[in-house]
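Each remark here refers to the structure printed beneath this line.
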Amino acid sequence: MTETNVKLDMERIPQHIAIIMDGNGRWATERGKDRSFGHQAGVDAVRTITSECTRLGVKYLTLYTFSTENWNRPPEEVAALMGLVLTSLEDEIFMKNNVRFRVVGDRSRIPADVQKKLRETEEHTANNDKMTMVVALSYSSKWEIVEAVRNIAADVKEGKMKLSEITEKTIDEHLQTNFMPDPELLIRTGGELRISNYLLWQIAYSELYFCDTYWPDFDEECLHKAIASYQGRQRRFGKTEAQVEREMMEGTGEVVTE
């Protein structure tokens, strides 16, 4: 644990943090290295942030690891990334921190040896309960929503539900992320200001935090700054500021900071 000067309210740590881990390739290129060097450095950052999130009491950490669009990258880079997934799924990061491992994404496109390792890691860590790390691998939100719609349509066709019974909860239950709450905080590293087809349904009311730091350099202090930014915001969910403050006075709302 690296000491930081950022003060956090430990009563208001977000329970679910989602991260777009961007900047690995540029980090490596700026150092005259191959992009795969940056991806390897990014694994070290995953270890650091996983340990710190566990220490802080975060319950779910979702990491955008490889998008469906990433399959269009040069074959050698895709192969390197898949190989990195295999070598990075080590016991230490999960068992030492009591972290459960889960995967969301289109597994059918993932190489068989990687699929096998993913299943084994999920099974091996199934009883860990300090935090759940969710890896979005071969994932895109549009793909996920299309799959959900197809499954709901099939249920309607088979008479398992009526059209009139479809609600937001129905969609929630048919998404791959149905086992966890929506993220309170979405972080994107690397300086880009976009969502990149990530958890589009789930982040409807998430607080967004963008920083210029490349993912390999994202450390405990960077994480604390993101959480401190989150803690300094008022989450209204469509209500007015006055409504939220009144609910807080009545003890029915979330803690508010100015």
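The values are calculated or read from the model by the stated rules, or taken from the named source; none is laboratory data. Since the model is a prediction, treat every value here as computed from it, not as a measurement. Every residue, glycine as well, gets a Cβ built from its backbone with ideal geometry; the counts of neighbours run over all protein chains shown. Only protein heavy atoms, including side chains, enter the accessible area calculation; ligands, DNA and RNA are left aside. Shrake-Rupley method; radii C 1.70, N 1.55, O 1.52, S 1.80 Å.
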Across the range 57-72, what is the number of residues that are open to solvent by 10 Å² or more (accessible area, probe 1.4 Å) and either within 21 Å of GLU11 (Cβ to Cβ) or in contact with a Cys (Cβ under 6 Å, 6 or more places away or on another chain) (or both)?
3
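Report whether or not ARG235 is part of a loop (DSSP other than H, G, I, E, B), surrounded by fewer than 17 Cβ atoms within 10 Å (Cβ to Cβ) and at pLDDT below 95.
Yes, satisfied.
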Mind checking which pairs have a first residue in the range 123-151 that is farther than 21 Å from LEU86 by Cα and of a type in the set (Lys, Arg) and a second that is at pLDDT 95 or above and surrounded by 15 or more Cβ atoms within 10 Å (Cβ to Cβ), Cβ under 8 Å, 6 or more apart or different chains?
LYS130/THR54; LYS130/VAL99; LYS142/ASN197
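So which residues in the range 95-122 are among the aliphatic types (A, V, I, L, M) and either without any contact (Cβ under 8 Å) to a residue 60 or more places away in the chain or open to solvent by 80 Å² or more (accessible area, probe 1.4 Å) (or both)? It would help to see each step written out before you state the result.
Applying the first criterion (among the aliphatic types (A, V, I, L, M)) to the range 95-122 yields 95, 99, 103-104, 110, 112, 114, 118.
Those that are among the aliphatic types (A, V, I, L, M) and either without any contact (Cβ under 8 Å) to a residue 60 or more places away in the chain or open to solvent by 80 Å² or more (accessible area, probe 1.4 Å) (or both): MET95, VAL99, VAL103, ILE110, ALA112, VAL114, LEU118.
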One residue is enough: does the range 66-76 have a residue meeting the conditions farther than 19 Å from ARG188 by Cβ, in contact (Cβ under 8 Å) with a residue 40 or more places away in the chain and not acidic (Asp, Glu)?
yes
Among the residues that make up the range 167-187, is at least one of them exposed (fewer than 12 other Cβ atoms within 10 Å of the Cβ) and β-branched (Val, Ile, Thr)?
yes
Residues being touching a strand residue (DSSP E or B) at 6+ places or on another chain (Cβ under 6 Å) and of a type in the set (A, V, I, L, M): count how many of those fall in the range 82-113.
4
I need the full set of residues from the range 146-166 which are open to solvent by 20 Å² or more (accessible area, probe 1.4 Å) and under 19 Å from ARG102 (Cα atoms), in order please.
GLU147
Which residue out of GLY23, GLY38 is in contact with a Lys or Arg (Cβ under 9 Å, 6 or more places away or on another chain) and surrounded by 20 or more Cβ atoms within 10 Å (Cβ to Cβ)?
GLY38
Which one is surrounded by the most Cβ atoms within 10 Å (Cβ to Cβ), of the residues in the range 26-35 that are on the phi < 0 side of the Ramachandran plot and not polar (S, T, N, Q)?
TRP27
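Consider THR132 carefully, then state whether it is in contact with a Leu (Cβ under 8 Å, 6 or more places away or on another chain), polar (S, T, N, Q), open to solvent by less than 60 Å² (accessible area, probe 1.4 Å) and over 24 Å from ILE203 (Cβ atoms).
Values: in contact with a Leu (Cβ under 8 Å, 6 or more places away or on another chain): yes; polar (S, T, N, Q): yes; open to solvent by less than 60 Å² (accessible area, probe 1.4 Å): yes; over 24 Å from ILE203 (Cβ atoms): no.
Criteria not met by THR132.
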Is the range 8-19 home to any residue that is assigned to a helix (DSSP H, G or I), in contact with a helix residue (DSSP H, G or I) (Cβ under 8 Å, 6 or more places away or on another chain), at pLDDT 95 or above and not hydrophobic (A, V, I, L, M, F, W, C)?
yes
